[in-house]
Amino acid sequence: MGSPSVAPREWAVVVVGGLTLAFTAWGLAGVQLWSLHTLLAGGLLTWLLSVVPMPQRWNGVDGEHGNAQNVKRLLKFPVFWLGLAFLAYIAIQGVNPAWEQLRDDGGWWVEEVESVSWLPAGVDTSYVPMNAFRVLSSFAAAFTLVWGLWVGVRRRSSAVLLLWTLVISGVVMAIVAMLQKFSGADAVLWTVKSSNANFWGTFFYRNEGVAYLNLIICACGVLYFYHFNQAERRGQTGGPHLLLFVFVAVLYTSIGLALSRGGILFGGLMMACFFIAAAARWLFSNSVRNSILLTLLIGSLLGGGGYMMFQYVDIQDIETRFGDIEATIQSADQDSRAITTKVTWQMAKEELWLGWGAGSWRYIFPMYQKSYPEIYYQRYHPKRGWIGRKVFHYAHNDVVQFLCEYGIVGCGILLMIFGYWVWHLLFRASGNTLCALMLMVGLSTAFGHAFVDFIFQSPVYWLALNGLLCVSVKLLSLHSERVYR
């Protein structure tokens, strides 16, 4: 007798949550209001579908869902309370401004205003281009999606479907990015004008685009080892995991063509870990080791993937893009990003515990920036001296910028959320150790990349990162429950 059918409530969560995850590949990085609010609507609807009271037929007959049961599951979920605390923290920063943005015909500036000093504070400015409430929308989209998926997904098949949805959407975006490059497109998706000439796929900033594709490589790794393990248990010599070799090759080819130094480095690390782990897993697999046909197939996939990458990626362009690594290292302290990080750290130390406020960096930074001519002005003219003015929207170091904006208290809450996922990966991934390893590598490379860029500032990247962690950990947890129940 087969298992009971999946509850309609769970199907609703999977469909809406899956569409929201797939949309991350096409949401133009979430920088436009319509895309940000679409993410928010998707997250909120996913969460509501998981907990709102519904007729019994929506809860199904498998015993996994119930009106009170789902609410209790949410209330027992630490990430719900931590996420709620962080959202409240940002909201307080928004309604308790310590600085106000003022304007006249000559431009804008900020002035200090009276605030409640013992509460988190921020900058009083508009939703467009940035303020605390816009940041709140981005975090609320990610957290509500996570809450909904954690509560509403109770079948491993549902979690696997969500991961495949994310992967396929991301791979298609990687292909579109390459088509744009080969066709000489001067607009995102051939239609949306970009202020940045170095866009990639649907991302206006290529470094964010390739960071997103690195996340998709991580998701491919999780699915590969999960399906490989399933095939091993069933004594099969093939399965859907073989397709993921091709996907990984396509993704890294797209990353290489983007000529993003951070993407190539961190993506290369992801690729190396994936192939080493895949080779080790294959060598210790009895069902695969004895199959000559499958050995040839895997060799063909690896060879074809390598050929694809070297055929389409111009290695000379990559070498030019990286330049003289030794010279770059020697002059690192003079690099504008390094100086910006140094200044941001100085800012952070002045409001170390509670931070300057969500979305405040671009407004407070100029007060410190003016003390550093090399990053305050565009260039130095031999006769006229320093001229022009550089405008920074982000610090190009999300780790330090987060500390600057949210302080130790806010960052501590975020670290506890990520710590919850890490705890699950370390202690609840029985039988799927390599899946957990890929997630740990993916999380490490995400934070490493964020230390030298502003990838966490993209709402779609932030939602995809949190969604990937949630769904993957949920899959491994459900597998563990089935094993030891």
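The rows are residues; the columns are (1) of a type in the set (A, V, I, L, M); (2) not in a helix (DSSP H, G or I).
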residue	(1), (2)
389	no, yes
401	no, no
415	yes, no
430	no, yes
435	no, no
445	no, no
473	yes, no
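Count, please, the residues in the stretch 452-461 that happen to be surrounded by fewer than 24 Cβ atoms within 10 Å (Cβ to Cβ) and either more than 14 Å from the chain's Cα centre (by Cα) or assigned to a helix (DSSP H, G or I) (or both).
Count: 2.
Take the conditions among the polar types (S, T, N, Q), touching a His at 6+ places or on another chain (Cβ under 8 Å) and either modelled with pLDDT of 95 or more or over 26 Å from residue 455 (Cα atoms) (or both) and apply them to residue 137. Does it pass? It would help to see each step written out before you state the result.
Details: among the polar types (S, T, N, Q): yes; touching a His at 6+ places or on another chain (Cβ under 8 Å): yes; either modelled with pLDDT of 95 or more or over 26 Å from residue 455 (Cα atoms) (or both): yes.
Here the answer is yes, as residue 137 does meet what is asked.
Looking at the stretch 381-401, which of the residues that are aliphatic (A, V, I, L, M) and open to solvent by less than 40 Å² (accessible area, probe 1.4 Å) is farthest from residue 130 (Cα to Cα)?
Our first condition is that a residue be aliphatic (A, V, I, L, M); within the stretch 381-401, this holds for 387, 391, 395, 399-400.
Those still in the list that are open to solvent by less than 40 Å² (accessible area, probe 1.4 Å) too: 387, 395, 400.
On the way: 387: 27, 395: 15, 400: 18 Å.
Of everything passing the filter in the stretch 381-401, 387 is farthest from residue 130 (Cα to Cα).
From (1) more than 25 Å from residue 208 (Cα to Cα); (2) open to solvent by less than 10 Å² (accessible area, probe 1.4 Å), pick out the condition that doesn't hold for residue 352.
Among (1) more than 25 Å from residue 208 (Cα to Cα); (2) open to solvent by less than 10 Å² (accessible area, probe 1.4 Å), residue 352 violates only (2).
For (1) part of a loop (DSSP other than H, G, I, E, B); (2) at positive phi; (3) at pLDDT below 95, each residue gets a yes or a no:
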| residue | (1), (2), (3) |
| --- | --- |
| 174 | no, no, no |
| 190 | yes, yes, no |
| 198 | yes, no, yes |
| 208 | no, no, no |
| 213 | no, no, no |
| 216 | no, no, no |
| 223 | no, no, no |
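Please determine, by comparing only the residues of the stretch 63-81 that are closer than 19 Å to residue 156 by Cβ and in contact (Cβ under 8 Å) with a residue 60 or more places away in the chain, which one is nearest to the chain's Cα centre (by Cα).
Filtering the stretch 63-81 for residues that are closer than 19 Å to residue 156 by Cβ and in contact (Cβ under 8 Å) with a residue 60 or more places away in the chain, the one nearest to the chain's Cα centre (by Cα) comes out as 77.
Hey, among the residues in the stretch 273-285 that are at pLDDT 90 or above and either within 19 Å of residue 167 (Cα to Cα) or not small (Gly, Ala, Ser) (or both), which one's surrounded by the fewest Cβ atoms within 10 Å (Cβ to Cβ)? Even if it seems obvious, please write down each step before you answer.
To start, the set of residues in the stretch 273-285 that are at pLDDT 90 or above comprises 273-274, 276-277.
This time we only want the ones that are either within 19 Å of residue 167 (Cα to Cα) or not small (Gly, Ala, Ser) (or both), so: 273-274, 276.
Details: 273: 21, 274: 25, 276: 10.
Across the stretch 273-285, the extreme among qualifying residues is 276.
Only residues in the stretch 20-33 that are under 21 Å from residue 129 (Cβ atoms) count as the first member; pair them with residues that are open to solvent by 10 Å² or more (accessible area, probe 1.4 Å) and of a type in the set (A, V, I, L, M, F, W, C), Cβ under 8 angstrom, at least 6 apart or cross-chain, and list the lot.
28/192; 28/204; 29/204; 31/204; 33/128
Could you tell me how many of the residues in the stretch 346-387 are assigned to a loop (DSSP other than H, G, I, E, B) and closer than 17 Å to residue 122 by Cα? Walk me through how you get there before you give the answer.
Taking the stretch 346-387 and keeping what is assigned to a loop (DSSP other than H, G, I, E, B), we get 351-360, 370-372, 377-378, 382-384.
The next check asks that each one be closer than 17 Å to residue 122 by Cα; those that pass are 351-360.
Residues in the stretch 346-387 being assigned to a loop (DSSP other than H, G, I, E, B) and closer than 17 Å to residue 122 by Cα: 10 in total.
Which condition does residue 407 not pass, out of (1) open to solvent by less than 60 Å² (accessible area, probe 1.4 Å); (2) among the small types (Gly, Ala, Ser); (3) under 30 Å from residue 107 (Cα atoms); (4) not in a helix (DSSP H, G or I), if it passes all the others?
(4)
Hey, could you check the stretch 424-438 for residues that are in contact (Cβ under 8 Å) with a residue 60 or more places away in the chain and open to solvent by 10 Å² or more (accessible area, probe 1.4 Å) and say which is nearest to residue 262 (Cα to Cα)? I'd like the intermediate steps shown before the answer.
Our first condition is that a residue be in contact (Cβ under 8 Å) with a residue 60 or more places away in the chain; within the stretch 424-438, this holds for 431-432, 434-435, 437-438.
Applying the additional criterion that residues be open to solvent by 10 Å² or more (accessible area, probe 1.4 Å) yields 431, 434, 437.
On the way: 431: 33, 434: 24, 437: 21 Å.
Checked the stretch 424-438; the qualifying residue nearest to residue 262 (Cα to Cα) is 437.
Would you check if there is a residue in the stretch 115-133 being in a helix (DSSP H, G or I) and polar (S, T, N, Q)?
Step one: filter the stretch 115-133 for residues in a helix (DSSP H, G or I), giving 132-133.
Add one more test, that the residue is polar (S, T, N, Q), and what stays is none.
The answer is no; no qualifying residue exists.
Identify, please: which residue in the stretch 49-68 is of a type in the set (A, V, I, L, M, F, W, C) and not in a loop (DSSP other than H, G, I, E, B) and is, among those, most open to solvent (accessible area, probe 1.4 Å)?
If we filter the stretch 49-68 for residues that are of a type in the set (A, V, I, L, M, F, W, C), which is where we start, we get 49, 51-52, 54, 58, 61, 68.
Those still in the list that are not in a loop (DSSP other than H, G, I, E, B) too: 49, 51, 58, 68.
Values: 49: 31, 51: 20, 58: 94, 68: 63 Å².
Looking at the filtered set, the residue picked out is 58.
Could you please tell me which pairs satisfy a Cβ distance under 7 Å, a separation of 6+ or placement on different chains, a first residue in the stretch 178-198 that is over 17 Å from residue 260 (Cα atoms) and surrounded by fewer than 14 Cβ atoms within 10 Å (Cβ to Cβ), and a second residue that is modelled with pLDDT under 95 and not acidic (Asp, Glu)?
The qualifying pairs are 187/193; 187/194.
With within 28 Å of residue 283 (Cα to Cα) and open to solvent by less than 50 Å² (accessible area, probe 1.4 Å) as the only criterion, which of 238, 263 stands out? First the steps, then the outcome.
Working: 263 fails: within 28 Å of residue 283 (Cα to Cα).
The unique qualifying residue is 238.
Condition check: within 30 Å of residue 149 (Cβ to Cβ), modelled with pLDDT of 95 or more and either assigned to a helix (DSSP H, G or I) or touching a Ser or Thr at 6+ places or on another chain (Cβ under 7 Å) (or both). Does residue 88 satisfy that? Walk me through it before giving the result.
Numbers: within 30 Å of residue 149 (Cβ to Cβ): yes; modelled with pLDDT of 95 or more: yes; either assigned to a helix (DSSP H, G or I) or touching a Ser or Thr at 6+ places or on another chain (Cβ under 7 Å) (or both): yes.
Considered against the rule, which asks whether it is within 30 Å of residue 149 (Cβ to Cβ), modelled with pLDDT of 95 or more and either assigned to a helix (DSSP H, G or I) or touching a Ser or Thr at 6+ places or on another chain (Cβ under 7 Å) (or both), residue 88 comes out as yes.
Looking at this structure, is residue 169 in a helix (DSSP H, G or I), out of contact with any Asp or Glu (no Cβ under 9 Å at 6 or more places or on another chain), under 20 Å from residue 25 (Cα atoms) and touching a residue at least 40 places away in the same chain (Cβ under 8 Å)? Reasoning before the result, please.
On the way: in a helix (DSSP H, G or I): yes; out of contact with any Asp or Glu (no Cβ under 9 Å at 6 or more places or on another chain): yes; under 20 Å from residue 25 (Cα atoms): yes; touching a residue at least 40 places away in the same chain (Cβ under 8 Å): yes.
So residue 169 passes the test.
Any chance the stretch 21-29 includes a residue that's within 29 Å of residue 177 (Cα to Cα), open to solvent by 60 Å² or more (accessible area, probe 1.4 Å) and assigned to a loop (DSSP other than H, G, I, E, B)? I'd like the intermediate steps shown before the answer.
If we filter the stretch 21-29 for residues that are within 29 Å of residue 177 (Cα to Cα), which is where we start, we get 21-29.
Within this subset, residues satisfying the condition of being open to solvent by 60 Å² or more (accessible area, probe 1.4 Å) are 26.
Keeping just the survivors that are assigned to a loop (DSSP other than H, G, I, E, B) gives 26.
Yes, there is a match, as at least one residue in the stretch 21-29 is within 29 Å of residue 177 (Cα to Cα), open to solvent by 60 Å² or more (accessible area, probe 1.4 Å) and assigned to a loop (DSSP other than H, G, I, E, B).
Can you list residue pairs whose Cβ atoms sit under 7 Å apart, with the first residue in the stretch 439-451 being farther than 14 Å from residue 462 by Cα and open to solvent by 60 Å² or more (accessible area, probe 1.4 Å) and the second being part of a loop (DSSP other than H, G, I, E, B) and modelled with pLDDT of 95 or more? Count only pairs 6 or more apart in sequence or on different chains.
Pairs that qualify, where the first residue is farther than 14 Å from residue 462 by Cα and open to solvent by 60 Å² or more (accessible area, probe 1.4 Å) and the partner is part of a loop (DSSP other than H, G, I, E, B) and modelled with pLDDT of 95 or more, are 451/397.
What tally of residues in the stretch 30-47 results from selecting those that are among the β-branched types (Val, Ile, Thr), open to solvent by 10 Å² or more (accessible area, probe 1.4 Å) and part of a helix (DSSP H, G or I)?
Keep residues of the stretch 30-47 that are among the β-branched types (Val, Ile, Thr), which gives 31, 38, 46.
Next, only the ones that are open to solvent by 10 Å² or more (accessible area, probe 1.4 Å) stay: 31, 38.
Keeping just the survivors that are part of a helix (DSSP H, G or I) gives 38.
Residues that pass the stated criteria total 1.
The values are calculated or read from the model by the stated rules, or taken from the named source; none is laboratory data. What you see is a predicted model; the values in this text were computed from it and never measured. Don't worry about glycine lacking a Cβ; one is built from the backbone with ideal geometry, like all the others, and counts go over all protein chains shown. The protein model used for the area step is the full one, side chains on, heavy atoms only, and it has no ligands, DNA or RNA in it. Shrake-Rupley method; radii C 1.70, N 1.55, O 1.52, S 1.80 Å.
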